[in-house]
1. Among what's in region 42-56 and is of a type outside the set (A, V, I, L, M, F, W, C) and in a helix (DSSP H, G or I), pick the residue that is surrounded by the fewest Cβ atoms within 10 Å (Cβ to Cβ).
2. Name every residue in region 91-106 that is more than 10 Å from the chain's Cα centre (by Cα) and open to solvent by 30 Å² or more (accessible area, probe 1.4 Å), in order of residue number.
3. Considering V59, V137, which residue is among the β-branched types (V, I, T), closer than 20 Å to R27 by Cα and open to solvent by less than 40 Å² (accessible area, probe 1.4 Å)?
4. Please go through region 63-82 and give me each residue that is under 17 Å from I93 (Cβ atoms) and either basic (K, R) or open to solvent by less than 60 Å² (accessible area, probe 1.4 Å) (or both), ordered by number.
5. Pick out the one residue from I149, I119 that is in contact (Cβ under 8 Å) with a residue 12 or more places away in the chain, farther than 23 Å from I42 by Cβ, out of contact with any strand residue (DSSP E or B) (no Cβ under 6 Å at 6 or more places or on another chain) and open to solvent by 20 Å² or more (accessible area, probe 1.4 Å).
6. Check off (1) without any contact (Cβ under 8 Å) to a residue 40 or more places away in the chain; (2) more than 23 Å from L39 (Cβ to Cβ) for G90 and give me the number that stays unchecked.
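The values are calculated or read from the model by the stated rules, or taken from the named source; none is laboratory data. Keep in mind that what you see is a predicted model, and the values were worked out from it rather than measured. Cβ: placed from backbone, ideal geometry, glycine included. Neighbour counts: every protein chain shown. Heavy atoms of the whole protein, side chains included, go into the accessibility calculation; ligands, DNA and RNA do not. Shrake-Rupley method; radii C 1.70, N 1.55, O 1.52, S 1.80 Å.
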Amino acid sequence: MKQTSIKEQLSQFEHLHTSGLAYELIREVLLPDLLGQELPSILYWSGKNMARKYPLTSVDEIISFFEYAGWGSLSILEQKSSEIHFELSGEFITARNQSRKPTSYQLEAGFIAQQLEFIHQLVTEAFEEQKKRNNKVIFIARWDKKDPIV
């Protein structure tokens, strides 16, 4: 069976466009009401679960996925032997920062962590650092070369 790309799998939604308001109502109003204090940890694990459903094979594909999903523009800031730093920017990040409400990017952090686990075959965690003045989010993903996926 031929493996299809993420774009092929999600192409049925390409012609649909939703407002940023609709997305933000779900993300910043509904989910916090439903999940309460557990929001960040559930979002992180949900991001990992989403990545399991849409596994990618390279960092370039992760970057493309972010753009395609409308999560923002993801770029590499720094790459070391056991970690990588990404920067996320875009209209949603700017709008969230202007609203001054607390927000979380744990969904994206979990997604990045799981995708890098697939790529490196090493247990990986990702952390977010919000840079509100610059309207950016930094993700730091780290893996341990002594902790392979079994």
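1. So, considering only residues that are of a type outside the set (A, V, I, L, M, F, W, C) and in a helix (DSSP H, G or I), the one surrounded by the fewest Cβ atoms within 10 Å (Cβ to Cβ) is K53.
2. E91, F92, T94, A95, Q98, S99, R100, K101, P102
3. V137
4. Within region 63-82, I63, F65, F66, A69, G70, W71, G72, S73, L74, S75 qualify.
5. I119
6. Of everything listed in (1) without any contact (Cβ under 8 Å) to a residue 40 or more places away in the chain; (2) more than 23 Å from L39 (Cβ to Cβ), G90 misses just condition (2).
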